[in-house]
Amino acid sequence: MYKVFFITFGCKVNQYETESLKTTFQKNGYEISDSQDSADVIVINSCTVTEYGDSGVLSTLRKARKKLPSAVIVLTGCYPQANKDFAEKLSEADIITGTKNRQETVRLVSEFIENRFRKIEISEYTRNDPFENLDFPEFENNTRTFMKIQDGCNQFCTYCIIPYARGRCRSRNIESVRAEAEKSALIGKKEIVLTGINLAFYGTEYGMNLADAVEICAEVDGIERIRLGSLEPEKMSDDLLKRLSAVEKLCPQFHLSLQSGCNRTLKAMNRHYTAEEYSELTQKIRSFFPECSFTTDIMVGFPDETEEDFRESVEFVKRIGFSRVHVFRYSRRKGTPADRMSGQIPERIKSLRAEKMAEAVKESEEKYLRSLVGKTVKVLFERENCTEFHRGYAEDYTLIKIPCENSEKSLRNQLICVTIEESRSGFCTGRIADGFSPDLKTGQ
Ligand code: SF4
């Protein structure tokens, strides 16, 4: 039996596709290896969102080839899909595929093992590509499971390479969403994270929207929590929010991608909202979800961003009161409009701005965590073994840690009420709420 080892870069969609490929390889008689050294086949599922990501993929490929000269090496995913000409020349890889026809990967590997013919199969996207249903991913090592329900993006933000790597928007049919939620419940998963490349566009081609997918997952017994992956501010209509707010199992956490708090920069990024509209949207969402949390992505150092633009963005981020913010430095992507723009910002300035933004963000994050002290929240615990703390996430995606003495037993995959006693940097600590004992497994 051949052993296959996976290396995954990038987003939840890529992680989902890797877990699904594991199932496909197992179904075809391969064994999933948890060590690269003992693997016969190595699959590198790549990302190309940033320059930094690209160099990580290339160095991983070269190291793998050097370490395992006779292994079958597959380079797949967004990097080869968006950088076809360059990728084809990467002789370290025996098989190169893109983001389409993922299921074919195992056939290509089996053929290569037979005939040792190098294979490059990177199919171009067309306007009408269907959503590719993949094998059921077990996410054995994860407590929560991801479910990919949408792929592609039609927005073409000027800095972004993703539409070139993922094609146009397309959605998974709703019955397949239900079936996978049922399978996830059967293997004991309690939380599903719905994910996509542009999730907010789910269901457009079927006259549906994200609420349809959330409602159908909520109907499944055993699924206790549904979390939404990254969302673009478009499509967050009153009707959608009204329906989502009626789903008790929906976690009130919204990762609403902002990118900049400055209108001049948002316009240059081809983002389809102003800072004011974004702020109004967060207030609207709060009117449906009073206890919700907002997380986001913010970019600094976009071409032609002045000190004034940057300050405006920092002040805006402070005003919203995010619970968590991912700060990115603008990364030039060949083939994107922003790459051809004048006013490229020196790396030194980008780093300075990223530091300043991170400081401002830290203040918001700590202020948010302080506001939780004294509250009782429901936590899905994650780790098997307790080293100092049992840890898990609350519904608003706050990391919660409780000292091990709260329970000698593992709390993994248990939903438990915790009273928050203290906020720390990046997480809160607490104790199991009075009247709630994991031994009795009450309140599930
Ligand atoms: S919405 Fe913009 S940033 Fe997001 S994937 Fe699409 S093009 Fe990229």
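Other residues whose C-beta falls under 13 angstrom from the C-beta of V43 contribute a net charge of -2, scoring Lys and Arg +1 and Asp and Glu -1. With the alpha-carbon atoms of the chain aligned to their principal axes, the span from lowest to highest coordinate is 64, 57, 45 Å, starting with the largest.
When you have a sec, figure out the Kirkwood radius of the range 115-245 from all distinct Cα pair distances and drop it here in Å to one decimal? Walk me through the numbers on the way to the answer.
Values: mean 1/r = 0.0629 Å⁻¹.
Computed over Cα pairs of the range 115-245, the Kirkwood hydrodynamic radius comes out at 15.9 Å.
For the range 48-68 versus the range 399-435, the inter-centroid distance based on Cα atoms is 38 Å. Taking every alpha-carbon pair under 8 Å whose residues sit at least 6 apart, the chain reaches a relative contact order of 10 percent.
Got a sec? What order do Y52, Y393, Y16 fall in by accessible area at 1.4 Å, biggest, i.e. largest, first? Before the final figure, lay out the partial values.
Details: Y52 190, Y393 30, Y16 5 Å².
Reading off the accessible areas and sorting them downward yields Y52, Y393, Y16.
Expressed in units of 2.2 N^0.38 Å, where N is the residue count, the Cα radius of gyration of the range 289-444 is 1.34.
Using a probe of 1.4 angstrom and keeping all protein chains present, the accessible surface of the range 159-246 works out to 35 square angstrom per residue.
Unpaired Cys in the chain, meaning no second Cys C-beta under 4.7 Å: C11, C47, C78, C153, C169, C217, C251, C262, C292, C417, C428.
Protection proxy ranking, highest mean first, for peptides 37-44, 163-170, 86-93, 175-182: 163-170, 37-44, 175-182, 86-93, where packing is the per-residue count of other beta-carbon atoms within 10 Å, averaged. Measuring between their Cα centroids, the range 331-371 and the range 195-211 lie 29 Å from each other.
Scattering from the range 211-366 was approximated by placing one identical point on each alpha carbon and applying the Debye formula without solvent; log10 I(q)/I(0) at 0.13, 0.15, 0.19 1/Å stands at -0.65, -0.82, -1.13. Per-residue SASA remark: M341, around 60 Å² accessible (1.4 Å probe; ligands, DNA and RNA not included). Element breakdown for the range 1-113 at a 1.4 angstrom probe: carbon and sulfur atoms account for 51% of the accessible area.
How many Å³ per residue does the convex hull of the Cα positions in the range 218-298 occupy?
Working: hull volume 7.2 nm³, N = 81.
So the per-residue Cα hull volume is 89 Å³.
What the phi angles of the range 3-20 give under the Karplus curve with 6.51, -1.76 and 1.60, with θ = phi - 60°, is a coupling list of 9, 10, 10, 10, 10, 10, 10, x, 7, 4, 4, 5, 5, 4, 5, 5, 4, 5 Hz, glycine and proline written as x.
Excluding T376 itself, calculate the net charge of residues whose Cβ lies under 15 Å from the Cβ of T376, where each Lys or Arg counts +1 and each Asp or Glu counts -1. Local charge sum for T376: -3.
When only the heavy atoms of the protein chains count and the probe is 1.4 Å, how do D221, D85 rank by accessible area, highest first? Mind showing how you got there, number by number?
Values: D221 135, D85 110 Å².
The ordering from most to least exposed comes out as D221, D85.
Peptides 369-381, 421-433, 224-236, 142-154 ordered by packing proxy, namely the average of other Cβ atoms within 10 Å per residue, highest first: 142-154, 224-236, 369-381, 421-433.
Å³ per residue of the Cα convex hull, for the range 1-67? Please list the in-between numbers first.
Details: hull volume 4.8 nm³, N = 67.
Output value, Cα hull per residue: 71 Å³.
Normalising by residue count, the range 308-358 has a Cα convex hull of 96 Å³ per residue. Within the chain, DSSP assigns beta bridges of which about 35% are antiparallel (rounded to the nearest 5). If you look at the Cα atoms of the range 168-257, you get an Rg and a Dmax of 12.3, 35 Å. Heavy-atom accessible surface of the range 274-368, averaged per residue, reaches 50 Å², computed with a 1.4 Å probe.
Using +1 on the beta carbon of Lys and Arg, -1 on that of Asp and Glu, and nothing else charged, what's the dipole of the range 40-173 about the Cα centre, debye to 20?
220 debye
Take 307-313, 96-102 and order them by the average number of nearby Cβ atoms within 10 Å per residue, most first; the result is 96-102, 307-313.
Name the residue farthest towards the positive end of the dipole of the chain from the options I298, F316, I95, assuming +1 on Cβ of Lys and Arg, -1 on Cβ of Asp and Glu, about the Cα centre. Going by the Cα projections, it comes out as I95.
Within the accessible surface of the range 159-261, defined with a 1.4 Å probe on protein heavy atoms only, the carbon and sulfur portion equals 50 percent.
The values are calculated or read from the model by the stated rules, or taken from the named source; none is laboratory data. Just so we're clear, the structure is a prediction, and the values are computed from it rather than from any experiment. Neighbour counts are summed over all protein chains in view; Cβ atoms, including those assigned to glycine, are modelled from backbone coordinates with ideal geometry. Surface areas here come from the heavy atoms of the whole protein model, side chains and all, with no ligands, DNA or RNA. Shrake-Rupley method; radii C 1.70, N 1.55, O 1.52, S 1.80 Å.
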